[in-house]
Amino acid sequence: MPTMWLSDSQKIGVAFCSGGGFFLIGGVILFFDRAMLAMGNILFLIGLTIIIGPSKTALFFARKQKLKGTAAFFAGLALILLRWPLIGFLVELYGIMVLFGDFLGTIAGFARNVPVVGPYIGMAVDRTGLGSRRNADLPV
């Protein structure tokens with residue numbers, strides 16, 4: 001999505017989500033550093049709230065078909081804060097897959113257009129079946 005379509009607050013939200021992703025990756029690289037994983041989660045939640053708004057964020061996490069993913073995501077966050085970072089990250093990863101699994105097909109579609117590795121990503125997507133649920137139920 002070109003940045004000219006985003007409002008200034010949404011651009012800030014994207015920055016928060018990106019920062020959250022970097023902190024999560026850094027936390028995994030640093031052998032599941034509890035502080036970095038917690039900061040990544042907090043930045044991601046703040047960014048998501050800024051991008052789609054507080055009411056839509058609450059509705060997204062409270063949808064009946066996504067309650068298992070919401071419970072797993074927040075239980076994983078709690079486990080990370082309670083000094084069980086590896087188990088918490090795995091529980092949280094399951095929650096993320098349940099919550100955002102429908103959106104992964106859309107991401108895979110964009111990844112097909114990446115130069116050099118795009119065709120290989122496309123083959124992997126076709127084998128796993130991610131592309132078949134494209135735009136099924138976006139969070140916005």
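The values are calculated or read from the model by the stated rules, or taken from the named source; none is laboratory data. From a predicted model like this one, the values you see are computed outputs, not experimental measurements. When we count neighbours, we look across all protein chains shown, and the Cβ atoms used for this are built from the backbone with ideal geometry, even at glycine. Protein only, heavy atoms only, side chains kept; ligands, DNA and RNA dropped before computing areas. Shrake-Rupley method; radii C 1.70, N 1.55, O 1.52, S 1.80 Å.
Across region 58-87, which residue is surrounded by the most Cβ atoms within 10 Å (Cβ to Cβ) among those that are touching a helix residue (DSSP H, G or I) at 6+ places or on another chain (Cβ under 6 Å) and without any contact (Cβ under 8 Å) to a residue 24 or more places away in the chain?
Here the residue is Gly76.
Determine whether region 70-89 contains at least one residue that is modelled with pLDDT under 90, not hydrophobic (A, V, I, L, M, F, W, C) and not in a helix (DSSP H, G or I). It would help to see each step written out before you state the result.
So in region 70-89, the residues modelled with pLDDT under 90 come out as none.
There is no residue in region 70-89 that is modelled with pLDDT under 90, not hydrophobic (A, V, I, L, M, F, W, C) and not in a helix (DSSP H, G or I).
Look at region 77-93 and say how many of its residues are within 14 Å of the chain's Cα centre (by Cα) and not aromatic (Phe, Trp, Tyr). Give the steps one after another, and end with the answer.
Restricting attention to region 77-93, the residues satisfying the condition of being within 14 Å of the chain's Cα centre (by Cα) are 77, 89-93.
Next, only the ones that are not aromatic (Phe, Trp, Tyr) stay: 77, 90-93.
The qualifying residues number 5.
Within region 111-132, can one find any residue that is farther than 27 Å from Lys11 by Cβ, modelled with pLDDT under 95 and in contact with a Leu (Cβ under 7 Å, 6 or more places away or on another chain)?
Looking through region 111-132, at least one residue is farther than 27 Å from Lys11 by Cβ, modelled with pLDDT under 95 and in contact with a Leu (Cβ under 7 Å, 6 or more places away or on another chain).
Restrict the check to region 8-29 and report whether at least one residue is outside any helix (DSSP H, G or I) and either open to solvent by 80 Å² or more (accessible area, probe 1.4 Å) or at pLDDT below 95 (or both). Please lay out each step first, then the result.
Applying the first criterion (outside any helix (DSSP H, G or I)) to region 8-29 yields none.
Taking every residue of region 8-29 in turn, none turns out to be outside any helix (DSSP H, G or I) and either open to solvent by 80 Å² or more (accessible area, probe 1.4 Å) or at pLDDT below 95 (or both).
State the number of residues belonging to region 23-32 that are free of Cβ contacts under 8 Å to residues at least 40 places away in the same chain and either in contact with a Cys (Cβ under 9 Å, 6 or more places away or on another chain) or under 16 Å from Ile96 (Cβ atoms) (or both).
Counting residues in region 23-32 that are free of Cβ contacts under 8 Å to residues at least 40 places away in the same chain and either in contact with a Cys (Cβ under 9 Å, 6 or more places away or on another chain) or under 16 Å from Ile96 (Cβ atoms) (or both) gives 3.
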